[in-house]
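Worksheet: the structure to be examined is printed underneath.
The values are calculated or read from the model by the stated rules, or taken from the named source; none is laboratory data. Keep in mind that what you see is a predicted model, and the values were worked out from it rather than measured. We place every Cβ from the backbone using ideal geometry, glycine too, and count neighbours over all the protein chains shown. Note: areas computed on protein heavy atoms with side chains; ligands, DNA, RNA excluded. Shrake-Rupley method; radii C 1.70, N 1.55, O 1.52, S 1.80 Å.
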Amino acid sequence: MTWNADAYNALFARDIENLKQDGRYRNFATIERLRGEFPAALMHTPHGTKRVTVWCSNDYLGMGQHPDVLAAMQNALHKWGAGAGGTRNISGNSLVHTELETAIAAWHGKESALLFSSGYVSNEATLSTLIKMLPGCIVFSDAKNHASMIAGMSRHKVEKQIFLHNNIADLEHKLAASPKHAPKIIACESVYSMDGTIAPLREIGALAKKYGALTYLDEVHAVGLYGPTGAGISERDKAQGLFDIIEGTFGKAFGVAGGYITGSRVLVDAIRCHAPGFIFTTSMPPVVAAGALASLGVLKTANDLRLRQQKQANYLRAELRAAGLPLMETQSHIVPVMIGGAKCCKAVADWLFDYADIYVQPINYPTVPVGEERLRLTPSPLHTDAMIDDLVDSLCTLWDQQHLPRLKVA
């Protein structure tokens, strides 16, 4: 075969066609968030524009619309302009960056923090750098860790032990069987974004201490949402001191963008000095850092928002359960509805959009295993009871139209 531009493009076209046939082709919805009206949005399609209710946003508390956040960003824009001007090493290190790092470190009970361009980058850059700095280390990774963590663990050659999801016995078995004097890293999340499960952090921390392992905790789906000041599951469970590195994001409950790590001063400094994903990336725009700092100020005392979110998540679960719909039971703010089959999952999402003005993206492989396709519902404090009733009633209508089985209600 002769390789030329046409041959390469033909290969890419075949791959895209296979994705479409499998129902896994990703269509990007053009969504226009409306200031002050979350979770309402405008959706632009080839057939026109219509207003929808969004059920799949990671802006879990609607902070992207909060007046304090918007005011801080507007002020920062007028004061400093749009961009950072360079990397943190070259002209891109501003006062608001250091203020945000100081505040985030204190929030997590750590000595230091470091900002990244995204939560993905903070995971990938930090874990890959740690592994490179610890020759011969063994990484113990939860089976459902995020792709960004897996990418960080895979960048350099390392022995990787995958323990069963949230399974303490399996983790200890693997730790006990590993060489005693080898450096070790245990990496896990607190809230797992697709299943909504919550990790047993105190038990994991105890095992790390017993076996001399460094601990890495991804709190991206928990920061702002749990704990007395919103610092995550580790704060709620009094486990912050058991984790050497706590990683988070500003792109979810904070309502803006960016990622970070927190830890001891010397550990964070080592990542700052060695991580390519930090060193060679233009720093976070000061306007975004100002928004994150303002959001943090709100989140520290936003117990009313957190309680309201949990109330709405519990109400949605109860209504789905009562309707006999295939709810995946969780104790977090994430409410998955199991569909199974990529084409079927997309068809459900398309029907909700076309006939009920409800927007929720189907979750397919590789985000979840084949056969475990689902709708991932994320109720916020701003989703009303009426919105929840409309969602559940719409799903019931679809189930009845398609003669789909309902689960027996206990």
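Once you sort the root eigenvalues of the Cα gyration tensor of the range 140-189 as a ≥ b ≥ c, which label holds: rounded (a/c under 1.5), prolate (a/b larger than b/c) or oblate (the other case)?
Working: a/c = 2.57, a/b = 1.17, b/c = 2.19.
Cα axes put the range 140-189 in the oblate bin.
Gaussian network model of the chain, Cα springs within a sub-10 Å range: biggest mean-square fluctuation belongs to which of GLN309, GLN161, GLN361?
GLN161
Would you mind checking the tilt of helix 201-211 against the longest principal axis of the Cα atoms of the chain, expressed as 0 to 90 degrees and rounded to 10?
It is inclined by approximately 30 degrees.
Let me check against my output: what whole-number percent is the relative contact order of the chain, with C-alpha pairs under 8 Å and at least 6 apart?
21 percent
Quick one: dipole size for the range 279-410, taken about the Cα centre, charges +1 on Lys/Arg Cβ and -1 on Asp/Glu Cβ, in debye to the nearest 20. Walk me through the numbers on the way to the answer.
On the way: 12 positive and 13 negative charges, 102 e Å.
That gives a dipole near 480 debye.
Using packing as a proxy for protection, rank 140-148, 70-78 so that the peptide with the highest average count of other Cβ atoms within 10 Å comes first.
Working: 140-148: 19.9, 70-78: 16.1.
So the order, starting with the most tightly packed, is 140-148, 70-78.
Please list the non-local residues whose amide H lies under 5 Å from the amide H of LEU225, H modeled 1.01 Å from N, same-chain partners needing a gap of 5 or more.
GLY232
Cβ under 11 Å from MET194's Cβ, MET194 left aside: what net charge do those residues give with Lys, Arg +1 and Asp, Glu -1? Don't skip to the end; give the middle numbers.
Numbers: positive: LYS144, ARG374, ARG376; negative: GLU189, ASP195, GLU372, GLU373.
In short, -1.
Taking θ as phi - 60°, what are the ³J(HN,Hα) couplings along the range 355-370 by the Karplus curve (6.51, -1.76, 1.60), each to the nearest whole Hz, with x for Gly and Pro?
10, 10, 6, 10, 10, 8, 7, x, 9, 10, 4, x, 5, 10, x, 4
Given H placed on each backbone N at 1.01 Å, which residues far from PHE163 in sequence or on other chains put an amide H within less than 5 Å of it?
So PHE163 has HN proximity to SER141, ASP142, ALA143.
For ILE138, which sequence-distant residues (separation of 5 or more, or a different chain) have an amide H within less than 5 Å of its own amide H, given hydrogens modelled in the peptide plane?
Hits under the 5 Å cutoff: LYS184, ILE185.
Going by alpha carbons, how many degrees (0 to 90, nearest 10) lie between the helix axis of 286-299 and the longest principal axis of the chain?
Compared with the principal axis, the helix lies near 80 degrees.
Kindly express, to the nearest 10 degrees and within the range 0 to 90, the angle between helix 119-133's C-alpha long axis and the longest C-alpha principal axis of the chain.
On a 0 to 90 degree scale, this one is about 30.
Using volume of the Cα convex hull per residue in Å³ as the read-out, say which of (i) 181; (ii) 168; (iii) 130 was calculated from these coordinates.
Recomputing volume of the Cα convex hull per residue in Å³ here gives the entry labelled (i).
Would you work out the charge dipole size for the chain about its Cα centre, treating the Cβ of every Lys and Arg as +1 and the Cβ of every Asp and Glu as -1, and quote it to the nearest 20 debye? Present the calculation step by step, with values, prior to reporting the outcome.
Working: 39 positive and 39 negative charges, 156 e Å.
Dipole magnitude for the chain comes out near 740 debye.
Output wanted: per-residue J couplings in Hz (rounded whole) for the range 234-239, from phi through Karplus 6.51 cos²θ - 1.76 cosθ + 1.60, θ = phi - 60°, x for Gly and Pro.
Whole-Hz 3J(HN,Hα) from phi for the range 234-239: 5, 6, 4, 8, 6, 10.
Using a 1.4 angstrom probe with every protein chain in place, what is the largest-first accessible-area order of TRP80, TRP399, TRP351?
Details: TRP80 115, TRP399 15, TRP351 40 Å².
Greatest to least solvent exposure: TRP80, TRP351, TRP399.
Which pairs, out of LYS160/LYS210; LYS300/LYS346; LYS157/LYS252; LYS132/LYS209; LYS144/LYS408; LYS50/LYS408, put more than 26 Å between their alpha-carbon atoms? Could the numbers behind the result be given before it?
Values: LYS160/LYS210 19 Å; LYS300/LYS346 38 Å; LYS157/LYS252 32 Å; LYS132/LYS209 22 Å; LYS144/LYS408 29 Å; LYS50/LYS408 36 Å.
Result: LYS300/LYS346; LYS157/LYS252; LYS144/LYS408; LYS50/LYS408 exceed 26 Å.
Springs between alpha-carbon pairs under 10 angstrom, Gaussian network model over the chain: which of GLY224, GLY85, GLY64 fluctuates most?
Result for the chain, Cα springs under 10 Å: GLY85 fluctuates most.
Decide, for the range 169-316, between rounded, prolate and oblate: order the square roots of the alpha carbon gyration tensor eigenvalues as a ≥ b ≥ c, take rounded if a/c falls under 1.5, and otherwise choose prolate if a/b is larger than b/c, else oblate. Walk me through the numbers on the way to the answer.
Working: a/c = 2.32, a/b = 1.24, b/c = 1.88.
It is oblate, given that a/c is not under 1.5 and a/b is not larger than b/c.
Can you tell which of LEU320, LEU130, LEU11 shows the greatest fluctuation in a Gaussian network model of the chain with Cα springs below 10 Å?
LEU11
Expressed in nm², what is the orientationally averaged projection area of the convex hull enclosing the Cα positions of the range 301-410? Walk me through the numbers on the way to the answer.
Values: hull surface 29.6 nm².
If I average the Cα hull's projected area over directions, I get 7.4 nm².
Can you tell me how the range 27-85 classifies by the Cα gyration tensor, rounded, prolate or oblate, using a/c under 1.5 as the rounded cut? All intermediate terms of the calculation are to be shown ahead of the outcome.
Working: a/c = 2.58, a/b = 1.80, b/c = 1.44.
Here the range 27-85 falls in the prolate category.
Over the range 276-404, what is the relative contact order in percent, taking alpha-carbon pairs closer than 8 angstrom and at least six residues apart? Each step should come with its number before you reach the end.
Values: 140 pairs, mean separation 32.6, N = 129.
This gives 25 percent for the range 276-404.
For the range 269-281, take each phi angle, set θ = phi - 60°, evaluate the Karplus expression 6.51 cos²θ - 1.76 cosθ + 1.60, and give the result in whole Hz per residue in order, putting x for glycine and proline.
These are the phi-based 3J(HN,Hα) values: 5, 5, 5, 4, 7, 10, 7, x, x, 9, 4, 9, 10 Hz.
Using only the Cα atoms, what convex hull volume per residue in Å³ does the range 3-137 have? Walk me through the numbers before you get to the answer.
Working: hull volume 37.9 nm³, N = 135.
Here the figure is 281 Å³ per residue.
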